[in-house]
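Engineer: Mind having a look at this structure? Questions to follow.
The values are calculated or read from the model by the stated rules, or taken from the named source; none is laboratory data. None of these values were measured; they are calculated from a predicted model. All Cβ positions, glycine included, derive from the backbone under ideal geometry; neighbour counts span all protein chains shown. Calculation scope for accessible area: heavy atoms of the full protein, side chains included, ligands and nucleic acids excluded. Shrake-Rupley method; radii C 1.70, N 1.55, O 1.52, S 1.80 Å.
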Amino acid sequence: MPEYSLYRGLWPQNVSKLAKYGVRMVNGEWKVTVHYDLGEGLMYLAVEGSETDIVDRVNQIKQACGGQSGGVFYINEYHHLIVPVAHDGTSHYFYGGRVNPDFTFEFEGALLTTKPIGRDGQPLSPGDPWIGPRPGIPYVLAAGGNDIYFETPALTDVAPPSVRAGVTRKVMLSKVLRDPALVARAVRPIWEVRGHHGGRFYVNEHGSAFTPVDRGDGNCLNYIYCGQIDPAAWFSEPPVL
Amino acid sequence: MIFQPEAFPFPRWLGPYSPARGNNSGFRIRGGQLGAHVVTDGGREFWTAQQTRGVLDLVQLIKAHWQGGRIVFLPNGFVVKPLQKETERVLIGRVSDALTLNGDGCHVLDFSNLRYLTPGSSWPGPGTIGLESKIRSDGSLTSGWYRPTDYGQEETQEVIAGSNASLLDGFQKARPGENSGRVRITVGGHVITNGDERDGSLQPHYVGRVAPSIFRNWERWIEGR
């Protein structure tokens, strides 16, 4: 059985159910699923077609690392498959290799995609509602709106890495890029939606950034498409084996 | 007070630490004297440390390297000096034995003799000294601190003292109705917290004491150069 290593990049941790992919048993078959909510209650959708490779990888990691088949996983903007496994009351996130899926989900007779495409098949523009499934990796536009950061548990530098108990890394784009013009380029599309208060936004496997905003009725959140991240003005890809 | 300086260059300190809360918080070297500000009915006073050999050695060391500024006495006896903008901290030495602060008039605060203080009573000294910490509902103490890195910062949360029913009892006497909150662990392991007064102000109160010997294994946060 292969040995899996803890993932050295961002561990999503506390995100909403909508921000996670899951492997579930659907009609006797393990399938990739997402939770979906358009304001009419939470449901889950199963991926159309076959993505058995991802399903198998997720289940192998869950089993190999002490868990059981099925459960949550993530795919980030670097196409890294990240699989959390519960461990001592918390979750450790393992690297599951590179993947490049093109998930589609059927909803009310139409196909939903995680690409920035509207129901009419036309590309979304920044500021449009994000109607697709919402799995993604959480980042934060800093208060003041002039930086982006993420927080994740710190790992040891040795191989294989282990968790440094109680230690959290806060990684700031301004420190990573050290170029104010590049930081401004990265921040701008998020700032256009969230403003100087900042707040959380998500980036999915296609590099699409979207963010929840208050719908105004006190009940629900709308998700707004912010645009595509620019890899030249973004966090560097975490090291993987 | 006995002061044992660290060898120069001073090692980096990566462990528990509390940042400054304004220009008058914590222990400071001012006008060539070690002391801390105390808010009294008459205003803010700078209470100075009794000039023992150890205090003089500490002041001399600070003056030689930085002229003055803030220092942090950790409850295990480590003395930490924040450098510019607090982006780096160094361990400058270790203290043991008594420290006494002299205030205006006849005020004296001898950290080695505070047995007259009962948990919940007013704290008769500086309220902004010591290591910021949080007491939890089992009386244990946690501390959180950060250090800047080249990618941003690293934040650490650590349980620094285990469950302690009598400490929690003291906290609840100082802040009735609460079972967790912020405290400061000062010289000698004396714990204080800010409690609400009837006039709405916050005043420091005595919570109790933890033995400095429980803060073990802090050497691991010393990074030599």
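Engineer: Would it be correct to say that B:TRP123 is crowded, with 19+ Cβ neighbours inside 10 Å, touching a Phe, Trp or Tyr at 6+ places or on another chain (Cβ under 8 Å) and within 14 Å of chain A (Cβ to nearest Cβ)?
Structural biologist: Spelling it out, it is not the case that B:TRP123 is crowded, with 19+ Cβ neighbours inside 10 Å, touching a Phe, Trp or Tyr at 6+ places or on another chain (Cβ under 8 Å) and within 14 Å of chain A (Cβ to nearest Cβ).
Engineer: Every residue in the stretch A:157-178 that is modelled with pLDDT under 95, open to solvent by less than 40 Å² (accessible area, probe 1.4 Å) and more than 9 Å from chain B (Cβ to nearest Cβ), please.
Structural biologist: Listed by number, the list holds a single entry, A:PRO161.
Engineer: Further question: Please count how many residues of the stretch B:131-155 are touching a helix residue (DSSP H, G or I) at 6+ places or on another chain (Cβ under 9 Å), among the hydroxyl-bearing types (Ser, Thr, Tyr) and part of a strand (DSSP E or B).
Structural biologist: Looking only at that region, the number is 1.
Engineer: Output the residues belonging to the stretch B:183-210 that are touching a helix residue (DSSP H, G or I) at 6+ places or on another chain (Cβ under 6 Å) and on the phi < 0 side of the Ramachandran plot.
Structural biologist: B:THR193, B:GLY195, B:HIS205, B:VAL207, B:ARG209, B:VAL210
Engineer: Restricting attention to the stretch A:179-221, and to residues there that are open to solvent by 60 Å² or more (accessible area, probe 1.4 Å) and either assigned to a strand (DSSP E or B) or within 14 Å of chain B (Cβ to nearest Cβ) (or both), which single residue is nearest to A:GLY97 (Cα to Cα)?
Structural biologist: Filtering first and then ranking leaves A:ARG200.
Engineer: Could you tell me which residue of the stretch B:210-225 is most open to solvent (accessible area, probe 1.4 Å), considering only residues that are assigned to a loop (DSSP other than H, G, I, E, B) and basic (Lys, Arg)?
Structural biologist: The extreme case among them is B:ARG216.
Engineer: Restricting attention to the stretch B:168-190, and to residues there that are without any contact (Cβ under 8 Å) to a residue 60 or more places away in the chain and within 17 Å of the chain's Cα centre (by Cα), which single residue is surrounded by the fewest Cβ atoms within 10 Å (Cβ to Cβ)?
Structural biologist: Top of the filtered list is B:ARG182.
Engineer: Restricting attention to the stretch B:191-209, which residues are open to solvent by 60 Å² or more (accessible area, probe 1.4 Å) and of a type in the set (A, V, I, L, M)?
Structural biologist: Correct list: B:LEU202 only.
Engineer: Turning to a different aspect of this structure: Counting only residues that are crowded, with 21+ Cβ neighbours inside 10 Å and modelled with pLDDT under 90, give me the strands (runs of 3 or more DSSP E) lying completely in the stretch B:1-88 with at least 2 of them.
Structural biologist: none
Engineer: Just checking, which of A:PHE103, A:PHE94, A:PHE150 is among the aromatic types (Phe, Trp, Tyr) and modelled with pLDDT under 95?
Structural biologist: A:PHE103
Engineer: If you don't mind, there's one more thing I want to ask. Would you say B:LEU114 is at pLDDT below 95, open to solvent by less than 20 Å² (accessible area, probe 1.4 Å) and either of a type outside the set (Ser, Thr, Tyr) or in contact with a Lys or Arg (Cβ under 8 Å, 6 or more places away or on another chain) (or both)?
Structural biologist: yes
Engineer: Take the residues in the stretch B:135-171 that are within 23 Å of B:ASN113 (Cα to Cα) and polar (S, T, N, Q); name whichever of them is nearest to the other protein chains (Cβ to nearest Cβ).
Structural biologist: Checked the stretch B:135-171; the qualifying residue nearest to the other protein chains (Cβ to nearest Cβ) is B:ASN164.
Engineer: Look through the stretch A:139-154, keep the residues that are more than 21 Å from B:THR156 (Cα to Cα) and crowded, with 18+ Cβ neighbours inside 10 Å, and return whichever of them is nearest to the other protein chains (Cβ to nearest Cβ).
Structural biologist: Out of the qualifying residues, it is A:ASP147.
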